[in-house]
Amino acid sequence: MTSAKAPSFSLRSVVEGDIPELTAMSALTFDMDRHTQLKAAHPTKPYDHAAGTPDSIKHWLSLPQKVEVTKAVDTETGQIMGCVAWVFRGFDRDPSVRGSVEKPQEPTKAPSNSVSSDYTKTGSADLDHLEQLRELTDEHFSEFMRKIMPPGTRCMFIGGIQVHPEHQGKGIGRALVRQGTDRADAEGVICWVHSSEAGAALFPKCGFEVDETLEIDLDKWAGKMDLKPSAGDEKWGTYMFRYFVRQPRVS
């Protein structure tokens with residue numbers, strides 16, 4: 001019996017023309033994510049994860065010295081199999097080009113669904129229960145960023161990573177992560193990632209360790225709005241966000 005042919009892919013820079021394909025992949029990737037499913041079940045303001053993808057990618061591409069956006073491309077078909085956005089904090093991606101561009105591109109506004117270290121919880125009484133859940137998760141994420149990246153910190157982190165469901169388990173995720181960790185090792189800086197449950201198995205294989213977690217009882221929040229899980233499921237279950245950190249390796 002012959003073994004299946006290993007996938008052949010190359011890593012290339014993402015361009016704006018890739019956005020439609022990356023948006024479609026984003027929808028497929030997060031379709032089975034339980035936390036995303038709950039947010040999408042909102043009766044009047046259903047969350048659409050893929051809808052935020054174009055603005056996120058455009059924002060990353062508008063910051064070429066601070067974000068490196070890379071895609072894994074099937075060398076035979078040209079299909080995008082995965083992508084990652086590595087963010088540089090406290091130093092530039094390529095310091096050698098500083099001042100060489102006559103008119104740098106103007107950065108776009110950060111997407112509305114992004115979370116920054118200066119996030120402030122509103123605590124508004126008008127928020128429904130799923131909006132309160134978002135405030136809880138956003139505040140927790142922001143607090144972690146303030147802890148791991150105080151002023152003056154040099155580090156790298158993953159702004160977003162996804163692998164097409166048809167190509168998961170083939171080493172693509174590790175290749176995309178390794179592109180950043182190799183640079184982090186060269187710079188002698190830590191790197192970190194705020195991981196969904198789907199990424200929990202990948203990052204330990206790349207040298208990351210869990211630094212902090214946030215566990216959510218989805219049934220508790222869904223019950224407050226009488227939101228039922230998909231047909232055939234009795235419960236939404238629990239969901240855990242993991243904050244992974246990787247120390248630099250000195251060769």
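Nothing in this text is a laboratory measurement; each read-out follows from the coordinates by a stated rule. In this text the structure is predicted, and so the values were computed from the model without any measurement. All Cβ positions, even for glycine, are placed from backbone atoms using ideal geometry, and neighbour counts span all protein chains on display.
Brief remarks on what is shown
- Projected label distance in nm at Thr238 and Asp48, using a 7 Å step from Cα toward the beta-carbon: 3.4 nm
- Distance-filtered residues of the range 235-251 - backbone nitrogen under 15 Å, label point 7 angstrom along Phe91 Cα→Cβ: 247-251
- Taking Lys and Arg as +1 and Asp and Glu as -1, the other residues whose beta-carbon sits under 10 Å from that of Arg246 total -2.
- Between the beta carbons of Ala40 and Asp126, assuming R0 = 30 Å, the FRET efficiency works out to 0.90 to the nearest 0.05.
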